[in-house]
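The block underneath contains the structure these notes are about, expressed in structure tokens.
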């Protein structure tokens with residue numbers, strides 16, 4: 001705990017905005033998942049909050065720093081407000097799932113930069129920074145899909161985790177290269193979002209694992 | 001950690017009974033889920049323990065206080081005893097799922113009060129108290145349903161999360177109003193249980209999200 | 001935190017090898033699950049890492065000791081290497097699922113010993129040691145199955161949790177009996193693996209819960 005005490009005043013500073021944005025858009029995806037499941041308003045608040053703060057909670061527990069929303073309640077209130085807003089507005093949306101995916105892309109990109117930033121600040125290790133950026137960027141969406149009983153975004157063919165990892169790697173490299181935090185974070189956000197956005201827009205995907213030939217002798221080339 | 005050290009001797013005091021009760025009945029719901037899945041006796045012990053102590057573990061990790069069952073092993077032994085009891089007795093039950101739901105209602109109500117109490121004691125913040133009460137009251141059931149592969153209690157139409165949130169809010173208000181902890185906890189428990197019990201008994205549910213009209217022009221009013 | 005500071009230099013010592021082995025084989029099962037789901041290479045890295053380090057992360061959070069892979073990045077790099085290896089080699093395998101189950105048995109047995117060892121070192125309590133050994137040995141597989149959307153290994157009839165619990169109990173007993181850690185760990189590993197291996201090889205299972213007679217009067221004996 002000692003070496004991390006300074007994190008109580010973690011100098012997110014100008015990253016704060018990106019942080020709120022990440023939480024808010026993840027919260028919106030949680031609320032949209034609730035709308036797809038036809039939950040009641042408290043179900044909206046619940047899924048919005050869990051999705052919005054889940055990834056960061058996990059990040060802070062692993063880094064052994066105080067959980068961000070316990071220190072600053074505004075995050076929870078933002079999630080609640082978003083949940084309520086979506087409850088009353090979601091019926092106006094043309095395609096809720098498409099919006100969910102794009103908002104998820106924004107939230108994931110923001111968390112990818114912030115997870116790497118907080119991991120770097122807490123440990124100084126590039127490996128930890130990249131892992132934390134990747135895990136916490138993807139965790140909110142995983143949690144949302146598990147709780148809402150939706151097929152996980154992880155198992156879809158379009159590039160997802162790669163974008164999170166690329167964002168975290170860009171932040172880490174820029175940070176090691178001496179760039180100020182906000183610049184590194186913006187670069188990281190842009191990288192992750194460009195990759196995930198391209199995947200959503202153009203269906204980008206990696207060659208997936210090529211299954212081994214079947215067992216029947218005829219199938220073997 | 002420093003500001004929370006006093007929690008090592010968290011004065012649950014007279015709340016202790018409610019705490020054991022909450023853990024025990026959640027453990028029983030885990031064991032009943034195991035019986036529905038026809039697991040062996042160790043599966044009963046496992047699901048009973050995970051369901052019984054899951055919510056509180058999560059609560060203590062987030063509040064950065066020592067995990068309750070690491071400090072006091074009696075909780076684990078209670079879960080194990082309950083798991084074994086249900087293994088040998090469950091075949092006598094008329095309707096295991098109905099019992100599961102009612103026990104879950106008791107456990108959820110107890111955890112709602114205790115989560116809020118511990119959140120308030122650890123941080124002094126009403127927002128954190130309400131969120132902790134709500135999250136930890138619902139977490140045990142979510143975990144049980146995920147592990148047992150059952151449809152989540154969250155996605156059912158009957159009021160659930162609302163009851164947890166109402167209990168947590170009542171505790172917090174009563175606590176801020178100066179009531180002693182046991183009285184606040186009893187009020188909170190009664191509130192949560194009355195709401196959830198009503199939902200189970202009379203099928204109470206909120207108006208759920210009204211789906212937007214379909215995309216076909218004919219459907220649009 | 002104070003009483004656990006010494007764990008920063010937790011004397012795994014000669015257990016280190018078992019620790020790496022457990023992480024590596026769990027990582028391999030994650031990668032094999034990725035191959036069954038036909039994910040891309042980053043999906044392999046991701047599932048390998050989450051499965052490999054998930055159980056230990058959970059263990060360290062509950063024991064309130066620094067998360068092992070944050071202290072020593074080699075674990076993460078091992079997972080990444082294994083993920084990559086499996087991506088390029090899995091198509092050569094005869095039966096990926098069978099291999100997954102056997103590797104899972106090795107990883108589970110290793111984690112069962114190590115979870116108990118770390119639980120014992122951190123708290124000195126046999127109950128905590130047995131619970132930590134059991135939970136963390138099974139957690140990696142649970143996480144993998146949840147994330148990959150596979151039926152949980154917990155819900156299969158063959159003995160699983162019992163093997164983990166037996167390993168943890170053997171470590172704890174041997175430790176209390178004064179055996180040196182490596183000997184206790186080897187005994188525990190061998191016990192857990194023998195039980196789980198027997199279950200895989202010979203289909204060992206406990207009598208499962210005997211369902212109560214149906215509700216129709218004719219069915220009642």
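The values are calculated or read from the model by the stated rules, or taken from the named source; none is laboratory data. The shown structure was predicted, so the numbers you read here are calculated from the model rather than taken from an experiment. Counting neighbours? That spans all protein chains shown, and the Cβs are built from the backbone with ideal geometry, glycine included.
Within segment C:42-61, which residues are closer than 16 Å to residue C:122 by Cβ and either surrounded by fewer than 24 Cβ atoms within 10 Å (Cβ to Cβ) or within 10 Å of chain A (Cβ to nearest Cβ) (or both)?
C:57, C:58, C:60, C:61
When residue B:147 is evaluated against the numbered criteria (1) assigned to a helix (DSSP H, G or I); (2) over 15 Å from the mean Cα position of the chain (by Cα); (3) within 10 Å of chain A (Cβ to nearest Cβ), which criterion, by number, is the only one it fails?
(3)
Among what's in segment A:30-41 and is surrounded by 24 or more Cβ atoms within 10 Å (Cβ to Cβ) and in contact (Cβ under 8 Å) with a residue 24 or more places away in the chain, pick the residue that is nearest to the other protein chains (Cβ to nearest Cβ).
A:35
With the requirement that a residue be touching a residue at least 40 places away in the same chain (Cβ under 8 Å), farther than 20 Å from residue B:143 by Cα and surrounded by fewer than 19 Cβ atoms within 10 Å (Cβ to Cβ), what does segment A:137-157 give you?
The one that is touching a residue at least 40 places away in the same chain (Cβ under 8 Å), farther than 20 Å from residue B:143 by Cα and surrounded by fewer than 19 Cβ atoms within 10 Å (Cβ to Cβ): A:157.
Within segment C:77-90, how many residues turn out to be within 8 Å of another protein chain (Cβ to nearest Cβ) and either crowded, with 24+ Cβ neighbours inside 10 Å or free of Cβ contacts under 8 Å to residues at least 12 places away in the same chain (or both)?
So the count comes out to 1.
Residues of segment C:114-124 being touching a residue at least 60 places away in the same chain (Cβ under 8 Å) and more than 11 Å from chain B (Cβ to nearest Cβ), which ones?
Across segment C:114-124, the qualifying residues are C:114, C:115, C:116, C:117, C:118, C:121.
Could you identify the single residue in B:131, B:127 that is in a helix (DSSP H, G or I), within 11 Å of another protein chain (Cβ to nearest Cβ), without any contact (Cβ under 8 Å) to a residue 12 or more places away in the chain and within 23 Å of residue B:177 (Cα to Cα)?
Checking each option against the conditions leaves just B:127.
Out of curiosity, is residue C:100 buried (at least 21 other Cβ atoms within 10 Å of the Cβ) and under 13 Å from the mean Cα position of the chain (by Cα)?
Answer is yes for this residue.
Looking at segment B:15-94, what helices (runs of 4 or more DSSP H) fall wholly within it and have at least 3 residues that are closer than 30 Å to residue A:69 by Cα and at pLDDT 90 or above?
Counting at least 3 such residues, we get B:16-36, B:41-63, B:68-71.
Kindly evaluate residue A:154 against the criterion of being out of contact with any helix residue (DSSP H, G or I) (no Cβ under 6 Å at 6 or more places or on another chain), within 18 Å of residue A:33 (Cβ to Cβ) and outside any loop (DSSP other than H, G, I, E, B).
Taking the combined requirement at face value, the residue satisfies it.
So how many residues does segment B:134-144 have that are more than 9 Å from chain A (Cβ to nearest Cβ) and under 17 Å from residue B:185 (Cα atoms)?
Of the residues in that region, 2 qualify.
Looking at residue A:162, is it surrounded by 21 or more Cβ atoms within 10 Å (Cβ to Cβ), within 23 Å of residue A:52 (Cβ to Cβ), at pLDDT below 95 and touching a helix residue (DSSP H, G or I) at 6+ places or on another chain (Cβ under 7 Å)?
no
Among B:134, B:191, which is the only one that is out of contact with any strand residue (DSSP E or B) (no Cβ under 6 Å at 6 or more places or on another chain), at pLDDT 90 or above and surrounded by 24 or more Cβ atoms within 10 Å (Cβ to Cβ)?
Of the residues listed, the single one that is out of contact with any strand residue (DSSP E or B) (no Cβ under 6 Å at 6 or more places or on another chain), at pLDDT 90 or above and surrounded by 24 or more Cβ atoms within 10 Å (Cβ to Cβ) is B:134.
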